[in-house]
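Derivation of every value follows stated rules applied to the coordinates shown; laboratory data play no part. Being a predicted model, the structure only gives us computed values, none of them experimental. So basically every Cβ, Gly included, is an ideal-geometry build from the backbone, and we count neighbours across all protein chains shown.
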Amino acid sequence: MTETPGQPEASGNTVETIAAYAPGMMDRSRFPSSLLAPGGPVIFVASAAELAESGATAVMIDLDRCEDVAAFLMDGVTSLGFGSHVENETLTAASDAGVDRVMARSAFFRQIPQLVASLRAGVRETS
């Protein structure tokens, strides 16, 4: 499984800040610095509570390092989960829990600038 099936659809919401729950330093280093610069669209959060306080309207979740995906699913917050392509059970469980879009880690990092642009434009995948 590489991503939740569907076609992009405008959600009508413009995203100003995108939170990323990516506790691993190796993964954090893969985010382009242009997305993380002061005033940039992406901020890192260490917990679901920090996400709630951030005011972000989208979140990218490292599914391989998240113990409680449901805690990151909040009203009005678009979710995108990424994880190991061989962990089909983890990817399926995230999709079943309500993550808006689920994809393999390799595809996520290959497409991150485009994914952030889509999230900022309020575009999300639909089933």
Problem set entry | Ascending count of other beta-carbon atoms within 10 Å, so fewest first, for S79, S29, S118 | S29, S118, S79
Exercise. Rounded if a/c is under 1.5, else prolate if a/b beats b/c, else oblate: with a ≥ b ≥ c from the C-alpha gyration tensor eigenvalues square-rooted, which is segment 60-127?
Worked result: oblate
For this session: Multiply the residue separation of A121 and A97 by 0.36 nm, subtract the distance between their alpha-carbon atoms, and state the gained length in nm to one decimal.
Result: 6.2 nm
For this session: Give a residue-ordered list of calculated ³J(HN,Hα) values for segment 34-45 (Karplus: 6.51 cos²θ - 1.76 cosθ + 1.60, θ = phi - 60°; whole Hz; x for Gly, Pro).
Result: 5, 7, 9, 4, x, x, x, x, 10, 10, 8, 10
Exercise. Using the 10 angstrom Cβ neighbour count as an exposure proxy, how do E16, E87 rank, fewest first?
Worked result: E16, E87
Exercise. Where Rh is the Kirkwood radius over the Cα pairs of segment 8-125, the temperature 4 °C and the viscosity 1.567 mPa s, what D in µm²/s does Stokes-Einstein return?
Worked result: 92
